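Undergrad: Take this structure first; my questions come after.
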Amino acid sequence: MYIKNPMEIENKSMDIIEEVMGDTSFTDKEKVIAKRMIHTTGDFEYRNIISFKGNFVEEAVDSIKKGGVIFTDTKMTYMGINKKALSKTRCKLKYLIDDERAYALSEGLNTTRSAAAIDLAIEEGIDMFVIGNAPTALFRLLELVKESRVNPRFIIGVPVGFVGAKESKEYLREFHIPSISTIGTKGGSNVAASIVNALLYMVVGR
């Protein structure tokens with residue numbers, strides 16, 4: 001069936017996804033996020049690899065309502081977040097990977113720009129983190145949590161890949177921080193953005 005209406009296409013997609021969610025144990029709000037992730041990736045397996053910790057949905061929604069700066073590890077994640085919905089909140093987005101300070105700091109610390117961007121974000125007082133691409137960013141963030149240099153309100157940790165991604169997310173799940181992560185190698189900037197969008201829609205609607 002050829003459908004031309006974008007919202008009708010999305011609603012039909014969500015109906016199809018709902019049909020496979022019977023074997024999950026998500027809360028109603030967690031399922032909204034899981035379905036958005038599946039819709040973004042076209043991958044039903046996501047329903048089996050999503051891990052919520054620390055009352056994530058409620059804490060993240062409350063944080064967005066209170067406002068602040070949300071860090072994204074890539075411009076791609078930044079671009080994928082619905083700016084119209086974001087504009088209805090007291091939150092702003094910021095990515096620092098292209099910042100000249102990240103280049104200099106990464107050379108000085110002999111690390112990646114993604115990890116260096118975390119240091120810059122914490123220097124600026126940012127405490128909401130969305131990481132969809134770089135395991136080194138997630139590892140660095142958690143190092144700084146252990147050093148008591150930051151107490152994140154929430155972490156979206158879904159880096160993708162075969163080197164460090166799985167391990168960084170396993171490490172995240174050891175912390176008592178409101179978080180969402182994926183088990184294994186799957187994830188990505190588009191997945192991270194879909195999670196933020198699902199949260200925004202819970203706060204401000206569509």
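Undergrad: Filter the stretch 181-206 for residues that are assigned to a helix (DSSP H, G or I) and either under 18 Å from Lys75 (Cβ atoms) or open to solvent by less than 10 Å² (accessible area, probe 1.4 Å) (or both) and give the result. Even if it seems obvious, please write down each step before you answer.
TA: Of all residues in the stretch 181-206, those assigned to a helix (DSSP H, G or I) come to 189-204.
Result: Ser189, Asn190, Val191, Ala192, Ala193, Ser194, Ile195, Val196, Asn197, Ala198, Leu199, Leu200.
Undergrad: Same structure again: Considering only the stretch 37-83, how many residues are in contact with a Lys or Arg (Cβ under 9 Å, 6 or more places away or on another chain) and part of a helix (DSSP H, G or I)?
TA: Looking only at that region, the number is 17.
Undergrad: Look at the stretch 112-147 and say how many of its residues are among the acidic types (Asp, Glu) and in contact (Cβ under 8 Å) with a residue 24 or more places away in the chain.
TA: Count: 3.
Undergrad: I'd like the residue in the stretch 63-91 that is open to solvent by 80 Å² or more (accessible area, probe 1.4 Å) and among the hydrophobic types (A, V, I, L, M, F, W, C) and, out of all such residues, is nearest to Ser114 (Cα to Cα).
TA: Top of the filtered list is Met76.
Undergrad: Report yes if some residue within the stretch 154-163 is in a helix (DSSP H, G or I) and more than 20 Å from Ser63 (Cβ to Cβ); otherwise report no.
TA: No: zero hits.
Undergrad: I'd like to check something: does the stretch 114-125 contain any residue that is touching a Phe, Trp or Tyr at 6+ places or on another chain (Cβ under 7 Å) and either open to solvent by 10 Å² or more (accessible area, probe 1.4 Å) or among the basic types (Lys, Arg) (or both)?
TA: no
Undergrad: Continuing with this model, one more query. Condition first: surrounded by fewer than 16 Cβ atoms within 10 Å (Cβ to Cβ) and not acidic (Asp, Glu). Can you find one or more residues in the stretch 130-141 that meet it?
TA: No.
Undergrad: Go through the stretch 167-180 and give me each residue that's closer than 14 Å to Lys29 by Cβ and open to solvent by 10 Å² or more (accessible area, probe 1.4 Å).
TA: Within the stretch 167-180, the subset closer than 14 Å to Lys29 by Cβ is 178, 180.
Within the stretch 167-180, just Pro178 meets the criteria.
Undergrad: I'd like to verify a number: residues in the stretch 84-116 that are part of a helix (DSSP H, G or I) and touching a strand residue (DSSP E or B) at 6+ places or on another chain (Cβ under 8 Å), how many?
TA: Residues flagged as part of a helix (DSSP H, G or I) and touching a strand residue (DSSP E or B) at 6+ places or on another chain (Cβ under 8 Å) within the stretch 84-116 amount to 1.
Residues checked against (1) under 25 Å from Leu144 (Cβ atoms); (2) at pLDDT 95 or above:
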position: Tyr2; (1), (2): no, no
position: Glu18; (1), (2): no, no
position: Phe44; (1), (2): no, yes
position: Ser87; (1), (2): no, yes
position: Leu105; (1), (2): yes, no
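The values are calculated or read from the model by the stated rules, or taken from the named source; none is laboratory data. Bear in mind the structure is a predicted one, so any value in this text is a computation, not a measurement. In this analysis, Cβ positions are derived from the backbone assuming ideal geometry, glycine residues included, and neighbour counts consider all displayed protein chains. For the accessible areas, the whole protein counts, side chains as well, though only heavy atoms, and no ligand, DNA or RNA atoms are used. Shrake-Rupley method; radii C 1.70, N 1.55, O 1.52, S 1.80 Å.
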